[in-house]
Amino acid sequence: MTGPTPLTLASIRRAPKAVLHDHLDGGLRPATVLELAAGCGYDQLPATDADALGRWFRDAADSGSLERYLETFAHTVAVMQTPEGLRRVAREAAEDLAADGVVYAEVRFAPEQHLERGLTLDEVVEHTLAGFREGEEIAAAAGNPIRMTCLLTAMRHAARSLEIAELAVRFRPRGVGGFDIAGAEAGYPPTRHLDAFEYMRANNAHFTIHAGEAFGLPSIHEALAFCGCDRLGHGVRITDDIFDGAAAAATPAPEGTTVPDHSGLRLGLVANYVRDKRIPLELCPSSNVQTGAVPSLDKHPFDLLARLRFRVTVNTDNRLMSDTDMSREMLKLVETFGYGWSDLERFTINAMKSAFIPFPDRLRLIDEVIKPGYAVLIG
Ligand SMILES: [Zn+2]
């Protein structure tokens, strides 16, 4: 026994990590954006050197509105319209995640946004998967093995979700683990895409839904009760359904609409269902602050939800826009909430248990990679 390794950015990088919520078009290297733009004749970038461009993305994303945050994607998506662009971005995503100590990653993107230069939906997915496989090989050769799973996203303001769900099922044998909807949440409730979710369920396929980020509890309730999602993308607004025990007593909620928790808080029926069913919450601390879903990191409900034993997971969302990676997200949580290695291990196992790959594969990563990795760090 040597005692625990001090928690630093460098030591957290060595810890095995799993990420479930990471957008391919939100994780490009600034230098790659510049090179791909030059290669495909895209001349709308707001900066001409990598440092300035990186700063621009972060500042634009810091605006506090989800709509402005989403604007930054016009530039990244613009350089991901060719086989070379898609393949390179996917390959580098795998390499960058692996170099950060991520051993399992689910990276999502919306194929329908990559058709501007004539690729078909199938071709878009094929080139992206080829990039992931190349990145896995390079990472393994560098001593950082990673398993990449691709999720296909449909844009919630558009009308192609059934087509994208079919695409996800068709590519399941080749490394697509599931389906998702993303984009502006207000005004585009999950039930707008009910046929796509019914298709996924009819095909015994997994999906997550961005819900409870910009919009509140009704969105989460629809995603669960009507759509039947396996996981919640963000879901931070589940706290709208968690009540202070004393306050609840002062202003009684209608009978039967809350249940007591051992902590003295009361959970509404939606929050209670999410916890009972172990519905994973794909929380993205930095991004949740940037989009205004929560006011600041120290006010992030991550810790409340962790203490109430919701199945919380740590995620990056958009590494470029948030200038982050898994290690930095974990370090921020450590600094804000005082977590230790065993907490980080629990969050990682939560993520791995919730992954859209077969059960034995999840167990193997937990037993052979994650637990031994943390055991060394715990000392
Ligand atoms: Zn997201």
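The values are calculated or read from the model by the stated rules, or taken from the named source; none is laboratory data. Values in this document were obtained by computation on a predicted structure and should not be read as measured data. Note: ideal-geometry Cβ built from the backbone for every residue, glycine included; neighbour counts use all protein chains shown.
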Here the qualifying pairs (Cβ atoms under 6 Å; residues six or more apart or on different chains; first in the stretch 181-197 and free of Cβ contacts under 8 Å to residues at least 40 places away in the same chain; second away from the ligand (no atom under 14 Å from the Cβ) and assigned to a loop (DSSP other than H, G, I, E, B)) come out as 188/157; 190/227; 191/226; 197/227
Scan the stretch 16-63 residue by residue and report those that are modelled with pLDDT of 95 or more and aromatic (Phe, Trp, Tyr). 42
Taking the stated definitions as given, is residue 88 more than 16 Å from the ligand (Cβ to nearest atom), touching a Ser or Thr at 6+ places or on another chain (Cβ under 9 Å) and either under 20 Å from residue 293 (Cβ atoms) or among the acidic types (Asp, Glu) (or both)? no
Scanning the stretch 33-59 for residues that are more than 16 Å from the ligand (Cβ to nearest atom), touching a residue at least 24 places away in the same chain (Cβ under 8 Å) and within 22 Å of the chain's Cα centre (by Cα) gives 33, 54, 58
For a quick check of your reading: which helices (runs of 4 or more DSSP H) sit entirely within the stretch 268-323 and have at least 1 residues that are under 27 Å from residue 25 (Cβ atoms)? 285-290, 302-307
Please name all residue pairs, on different chains or six or more residues apart, with Cβ atoms under 7 Å, provided the first residue is in the stretch 201-217 and is touching a residue at least 60 places away in the same chain (Cβ under 8 Å) and the second residue is of a type in the set (A, V, I, L, M) and more than 14 Å from the ligand (Cβ to nearest atom). 214/186
Residue 293: over 30 Å from residue 203 (Cβ atoms), touching a residue at least 40 places away in the same chain (Cβ under 8 Å) and within 16 Å of the ligand (Cβ to nearest atom), yes or no? yes
Does any residue of the stretch 53-64 turn out to be surrounded by fewer than 14 Cβ atoms within 10 Å (Cβ to Cβ) and within 25 Å of residue 312 (Cβ to Cβ)? yes
Yes or no: residue 188 out of contact with any helix residue (DSSP H, G or I) (no Cβ under 8 Å at 6 or more places or on another chain) and either of a type in the set (Phe, Trp, Tyr) or modelled with pLDDT of 95 or more (or both)? yes
Do we have residue 322 as farther than 22 Å from residue 229 by Cα, within 16 Å of the ligand (Cβ to nearest atom) and either touching a residue at least 40 places away in the same chain (Cβ under 8 Å) or of a type in the set (S, T, N, Q) (or both) here? yes
Out of (1) within 16 Å of the ligand (Cβ to nearest atom); (2) modelled with pLDDT under 95, the odd one out for residue 109 is which? (2)
